[in-house]
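The values are calculated or read from the model by the stated rules, or taken from the named source; none is laboratory data. None of these values were measured; they are calculated from a predicted model. Every residue, glycine as well, gets a Cβ built from its backbone with ideal geometry; the counts of neighbours run over all protein chains shown. All accessible areas refer to the heavy atoms of the entire protein, side chains included, with ligands and DNA or RNA removed. Shrake-Rupley method; radii C 1.70, N 1.55, O 1.52, S 1.80 Å.
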Amino acid sequence: MSGSSTKNGGAPTVYLGHIVDPMDEDTYRDIPEGALVVSSEGQIEVVGKWSDLSAQYSSGKLVDCGRKLIMPGMIDMHIHLPQVSQIGKSGDTLLGWLEKYIFPAEARFSDLSHAEKIATWFFDELARNGTTLAVVFSTIHKEATDAAFSIAADKGMRAIMGKVMMDRNAPASLLENSKNSLAESEQLANKWHGFDNGRLLYAFTPRFAITSTDELLHDCGKLWQSSPGTYLHTHLSESLEEVKKVASLFPSSRSYLDVYDQSGLVGARSVFAHSIHLDDQDLRVMHQKHCVLAHCPSSNFFLKSGIFPLDRVKAAGVEFGLGSDVAAGPQMSLFGVMKDANFIQPQIWISPRELFYRATRGGAKALKLEDRLGSLEAGKEADFIVVDPTLKNACPMDILEHETDDILSALVFLGDDRMIDSTYIRGRPVFKRTREKEAAGIS
Ligand SMILES: [Zn+2]
């Protein structure tokens, strides 16, 4: 091989296909006969036209993807691992849905073998959907969360994850002693945060204000702030019913966000799912403190929670990405979430360019990982998907002949998980359609 080699001498692999790669909300690189060169250590060495690179790399290991798209992997900024068995069950709004479907499903995670079965299925499904990074709620159970980290580690998956913390207003089987909850979270963070050079990261995960005492939130704030690089992941202002209940539980707080702010939980690497019902002061605080939002449109449709204030969030300069929020969102596929993000806005047309950016690079930026993830640029980690538009009948066969906007538009409005041909994390395949296994049965 005449091409450059990696530090340990391994030869790079060259993936040939039609590369579409976001630079920002509006700017894309579109390379029809492109080459993505990945080192043996899973880092992107170079991206360009194959005609410009073939002399250097033609004798190396080539993976010709044919007439398929090569794109950055999708980033899901909010999803619940234990809820996958409850997808599609609704008929209620947030608080009733939690009581009826979700809390019983999460209580089953005290059974470690059940927890391992669901976690195995969960990470396989993420890979099958083209999701290369997810920000994940586990349950309150330390052993189940530890097992989920182990399974992600073994499968080569990437996650920001944490044990849920709840010390009031939940069924007895899901209530914790506050001190134990904090101690177990700290133990898991110490064990897993930064695993494999940052492939797995820890997020302290109080469920939401309603299931947290003031003491739990304050102590969580102290713990999070003394754990550099970790995340804080919770729900905020999803439904009006929830907002009202938070106001009655925390009468000294100006707003729902203020409950978290008074507890030291608002800062860079705070990820607030939903964030629908916000006032201007909330948005100012968010901007000042650099916290970020996970917009979950499919979930908001499903539970009829409200409409994300997209124009106000953008005007305030608050960063956000997209989340599936399975199981309140009925799909893991970020393709469907992108479409719903457009559809749920009654007045605003969100361009396919922006939507695909939000599902990839925008998520990486919000999570402070843009230097490593989110696009296909030299020096970044090789998290990418190969997309075959012909795998979905409704998608025009000649999509690759089209301009960038039409390619992205077809993906956003016609795409789903069936178009994912393969998924790579750090250059390692974690899903290949030809080797697709039957999903493990969930009972
Ligand atoms: Zn959620």
Nearest 10, in degrees from 0 to 90: the angle of helix 280-289 to the longest Cα principal axis of the chain is 60 degrees
For residue 179, counting only aspartates and glutamates whose alpha-carbon sits under 18 Å away and dropping same-chain residues fewer than eight positions off, the answer is 143, 167, 214, 215, 219
Between 0 and 90 degrees, rounded to the nearest ten: what's the tilt of helix 240-249 against the longest Cα principal axis of the chain? 50 degrees
Given the pairs 68/339; 222/289; 392/432; 61/392, which span a C-alpha to C-alpha distance of over 18 angstrom in this model? 68/339; 61/392
If R0 = 35 Å, then residue 41 and residue 315, at their Cβ-Cβ distance, give a FRET efficiency to the nearest 0.05 of 0.25
Counting all Cα-Cα pairs in the stretch 302-369, those more than 21 Å apart amount in percent to 21 percent
Residues of the stretch 53-96 with amide N under 13 Å of a point placed 7 Å along Cα→Cβ from residue 434: 63-66
Which parts of the stretch 77-103 would a label at residue 304 reach, counting a residue when its backbone N lies under 14 Å from a point 7 Å out along Cα-to-Cβ? 90-97
Reference-scaled alpha-carbon Rg (2.2 N^0.38 Å with N residues) for the chain: 0.95
Can you tell me the length gained on complete extension of the stretch residue 268 to residue 403, counting 0.36 nm per residue apart and subtracting the Cα distance? 44.9 nm
How much of the pair distance distribution for the stretch 1-108 lies past 25 Å, counting alpha-carbon pairs only, in percent? 47 percent
The stretch 46-120 and the stretch 334-395 have their Cα centres apart by a whole-number Å value of 13 Å
How many nm is it between the label spots at residue 55 and residue 143, if each spot is 7 Å from the Cα in line with the beta carbon? 6.3 nm
Distance between modelled label sites at residue 349 and residue 391, nm, 7 Å Cα→Cβ extension: 3.0 nm
For the stretch 74-332, what proportion of DSSP beta bridges, expressed in % and rounded to the nearest 5, is antiparallel? 5 percent
What would the Debye equation give as log₁₀ I(q)/I(0) for the stretch 74-332 at q = 0.07 Å⁻¹, counting only Cα atoms as equal point scatterers? -0.20
Which whole-number value in Å² is the accessible area per residue of the stretch 74-332, probe 1.4 Å? 33 Å²
Provide the gained length on full extension for the span residue 187 to residue 377, in nm with one decimal, where the gain is 0.36 nm per separating residue minus the Cα-Cα distance. 64.9 nm
Counting DSSP beta bridges in the chain, what percent are antiparallel, to the nearest 5? 45 percent
Share of accessible surface on carbon and sulfur in the chain, whole %, 1.4 Å probe and ligands ignored, is 48 percent
Among 341, 315, 268, whose mean-square fluctuation peaks in a Gaussian network model of the chain (Cα, cutoff 10 Å)? 315
Give me the dipole magnitude in Debye, nearest 20, for the chain about the Cα centre, with unit charges on the beta carbon: positive for Lys and Arg, negative for Asp and Glu. 620 debye
Go ahead and run the numbers for FRET between residue 168 and residue 196, Cβ-Cβ distance against an R0 of 35 Å, rounding to 0.05. 0.45
How many nm is it between the label spots at residue 215 and residue 23, if each spot is 7 Å from the Cα in line with the beta carbon? 5.5 nm
Kindly write out, for the stretch 132-143 in residue order, the coupling ³J(HN,Hα) from the Karplus curve 6.51 cos²θ - 1.76 cosθ + 1.60 (θ = phi - 60°), rounded to whole Hz, with x marking Gly and Pro. 9, 8, 10, 9, 10, 7, 8, 10, 6, 7, 5, 5
Projected onto the charge dipole of the chain (unit charges on the beta-carbon of Lys, Arg, Asp and Glu, signs +1, +1, -1, -1), the Cα from 316, 50, 395 with the largest positive-side position is that of 50
